[in-house]
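The values are calculated or read from the model by the stated rules, or taken from the named source; none is laboratory data. Bear in mind the structure is a predicted one, so any value in this text is a computation, not a measurement. We place every Cβ from the backbone using ideal geometry, glycine too, and count neighbours over all the protein chains shown. Just so you know, the surface numbers come from the protein's heavy atoms only, side chains and all, with ligands and any DNA or RNA stripped out. Shrake-Rupley method; radii C 1.70, N 1.55, O 1.52, S 1.80 Å.
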Amino acid sequence: MARAAAAAARLLPLFLRWRPPPPLRRRLLLLNSSRKPLTSRAETLASRHSVVLPGDERSPSHHPHRPPPDYVGGDGGGSPGTIAAIVTSLGGGPAAVGIVRLSGPDAVAVAGRVFRPARRAPAPWRPRSHFVEYGLALDAEGNVIDEVLAVPMLAPRSYTREDVVELQCHGNDLCLRRVLRACLEAGARLADPGEFTLRAFLNGRLDLAQAENVSRLISAKSAAAADSALAGIQGGFSTLVKSLRSRCIELLTEIEARLDFEDEMPPLDPVMLVSKINCMRQEVQEALETSNYDKLLQSGLQIAIIGRPNVGKSSLLNAWSKSERAIVTEIAGTTRDVLEANVSINGIPVTLMDTAGIRQTDDIVEKIGVQRSEAAALGADLIIMAISAVDGWTDDDTKLIEHVLINQKSSGSGVPMILVVNKIDCTPFVSGEEFEQFSGAFRKIVETCAVTGRGISELESAVIEVRGLEPVPSGGRRWTVNQRQFEQLLRTREAFTRLESSINEQLPMDFWTIDLREAALALATISGEDISEEVLSSIFSKFCIGK
C-alpha cells in the first residue's frame, strides 16, 4: 500500500489534467500529427518571421495550384523568398575568389538579370544545373562590374533544396559588394544570419542536430573539433536519435494496443521491456558522456604555468609553443603579466599561460603580476608548477605550494597539478624530505630542459593522462553533443528511469505511456521534429551571414 501511495503522489499532477485515453487509432494519429511537417513549419515561420520557404517548382512535393505566400521578408525588400549574401569571408585582405550566393524560387531569374554569359544565348538565361558558365556581372545600368563564373544548382539538388546560384567573383571586397548590391537591386533580399542552413533544415535536407554542427564546423579551432562537427553533419548522432525515437514509438504502440485490445493480445513481458529500456538508457548515457569532450573541443584547455621567479617558466612556454612568445632573461621577475600561447594536444586546443613569478615583493607592478598569476591558477583547468633542478626544492617552493593549496581549498577548486623539474640538463634533480611532504599534491612529475626541448613530449603525455584527453578514433570521427542536446538527452534518460520504476512498481500501463511520450518528445526536440520558433531563431541567429 505504501508503494502505491508513493507512486500516486508522484503522478498526482498528471491526474489533475488526465482524460480518458482515445482509441488506439486516434492516439497514434495524435502522436504523429503533433509533429508539424517541414512544409507546415516553413509556412508558419514565413508568416511570422523574415523567412519564406514556398514550394519549389522542381521539387516533387510542389503544389502547382497553390500560390507562394505574398510576403517580402528581411530589410532588403525585393522578390519574396529569394535571398542573397556573400558567403566567403570579408575583411581579411584580397583573395583570389569570393562567392555571392542566391537561393530561392527566383534565384535563376535574379541571377539572369545580373549575369550575362559569354556564349551568345537567347534571354532569359536558362542554366543547366551543376554546369559552370563564364560571363560578366552587370549592375542595374548595364555596366560591367566583374568577370564571374556562374554555378547554378537547381532544386532539389542544392544545399537548401531550392534553386541556388553562386557567382564566383574576384576576391576583392569591393567586387563582392558590388555584385551583391546588383543582386539585391535585381530582386533578391539580404539573407539573415544562418538563413541558408535554416532553409536546408526546413526543407528536410538536414535535421536540427546536423544544422547545429554546420555552425560548429565553421567555427572549429582544431582538427579534432572539425572532425567532430563533420561526424555530426554526416548523421552519426542523428542516426542514434532517430533510432531511439523509433524504438520509443514502437514500444508505445505495443502498450497502446494492449490498452485497447487487452483480451485479444498476449501480455507484455516486463523483463523484456525493462531490458529494452535499459539498452536505450545506456545508449543515451554514452551520448551524454560526449558533452565533456565537446566542451574541450569548443573552449579548449587552459594550463597555467606557475613557479617562483627564474625557474624557466617563460622558456618552457617558448619551447612548448615553438615560438618566442615570452621574453627570457637572467633577471628574476622579467615576466610581469600573464602571457598566452596556443598549442594543440591530441587535437584539443590548449592555451598555455605563462605567469609572473609568485613571491613576496615591494614592487607595485610585480605585485599586480603576482595577483594575476594567482587568479590565472585558480581559473585554469590544469596547473603546471615549475621548479629548477639546479636549486632543487626550496623554502620558496614550499611557501608557494602551500599558498596554492590554501587558495584551492578556500575556493572549492580541485584543479589538478603537474610538477615540472626544469633545467635538468644542468644537474640531476635530488628530492629532499621537504619535497616528499608535498609530492602527493602532484598527479605527475616530469623532467624537462626548455633550452633543448627535452621532456616536452613527456609533458604532453602527462597532460593527456591527468585530464583524460582521449585521442580521436583513428577509424573514424567522433561526434559530440552540445548543451541543448545534452539537456534533452538528460530529459530522455530521466523518462526512461521513471518508466522502469513504473514497470517495477506494477503501475497501470497508462502511466508507462506518459514517460514513453516524454522520451519521444525530448528526442524529437533534438532532431527538430518538435521545436519552437523561439529556439529555432536562437540557434540560427548565431550563424554567420551567408551560411
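Some observations on this one:
- Each Lys or Arg adds one and each Asp or Glu takes one away; over the other residues whose Cβ falls under 10 Å from the Cβ of ARG101, this sums to 0.
- Each residue of the range 267-272 was assigned a 3J(HN,Hα) from its phi angle through the Karplus expression (A = 6.51, B = -1.76, C = 1.60, θ = phi - 60°), giving x, 6, 7, x, 5, 5 Hz with x at Gly and Pro.
- LYS444 long-range amide H proximity, modeled H, under 5 Å: LEU419
- In the context of the full protein assembly, MET417 retains an accessible surface of approximately 10 Å², using a probe radius of 1.4 Å and ignoring ligands and nucleic acids.
- Extension gain, LEU288 to ALA375, is 28.2 nm, computed as 0.36 nm per intervening residue step minus the present C-alpha separation.
- Global geometry of the range 163-221, whether rounded, prolate or oblate, following the gyration tensor of its Cα atoms and the 1.5 cut on a/c: oblate
- Using a Förster distance of 60 Å, the FRET efficiency for VAL97-GLU505 (Cβ separation, nearest 0.05): 0.40
- Of the peptides 528-541, 240-253, the ranking by mean beta-carbon count within 10 Å, highest at the top, reads 240-253, 528-541.
- Pairwise FRET efficiency - THR253 versus SER538, Cβ, R0 = 41 Å, nearest 0.05: 0.75
- Rounded to whole Hz, the Karplus (6.51, -1.76, 1.60) HN-Hα couplings of the range 409-422, x for glycine and proline: 5, 5, 8, x, 8, x, 5, x, 10, 10, 9, 10, 9, 8
- Potential lengthening between GLN234 and LEU268 on full extension [0.36 nm per residue; Cα-Cα distance subtracted]: 8.6 nm
- Taking 0.36 nm per residue of separation and subtracting the current Cα-Cα distance, fully stretching the chain between GLU324 and SER457 would add 46.0 nm.
- Nonlocal amide H pairs with ILE306, under 5 Å, H built at 1.01 Å: ILE384, MET385, ALA386
- The phi-based Karplus calculation (6.51 cos²θ - 1.76 cosθ + 1.60; θ = phi - 60°) puts the 3J(HN,Hα) values of the range 131-147 at 10, 7, 10, 9, x, 10, 9, 10, 8, 5, 8, x, 7, 6, 10, 5, 9 Hz, whole numbers, x for Gly and Pro.
- Under the combined filter of DSSP loop state and at most 16 neighbouring Cβ atoms within 10 Å, the range 406-513 retains these GluC sites (Glu not before Pro): GLU505.
- Computed from label points 7 Å out along Cα-Cβ, the spacing between SER431 and THR351 is 3.3 nm.
- Each residue, ASP260 and SER344, gets one label point 7 Å from its Cα in the Cβ direction; the gap between the two is 5.5 nm.
- Surface calculation, 1.4 Å probe, protein heavy atoms: CYS544 sits at approximately 60 Å² accessible.
- Distant-in-sequence amide contacts of VAL148, defined by a placed amide H-H separation under 5 Å and a gap of 5 or more residues or a different chain, comprise GLY135, LEU136, ALA137.
- Coarse-grained scattering of the range 225-309 at q = 0.16, 0.23, 0.26 Å⁻¹, given as base-10 log I(q)/I(0) from a Debye sum over alpha-carbon atoms: -0.80, -1.14, -1.27
- As a length-normalised measure over Cα pairs under 8 Å and 6 or more apart, the relative contact order of the range 192-291 settles at 16 percent.
- Here each label is just a point 7 Å from Cα along the line to Cβ, and for SER243 and SER89 those points are 3.7 nm apart.
- With a threshold of 22 Å on the Cα-Cα distance, the over-threshold entries among LYS409/LYS444; LYS322/LYS423; LYS221/LYS444; LYS423/LYS444 are LYS221/LYS444.
- Proximal lysines relative to LYS276, as straight alpha-carbon distance under 20 Å, when same-chain residues fewer than 8 apart are discounted: LYS242
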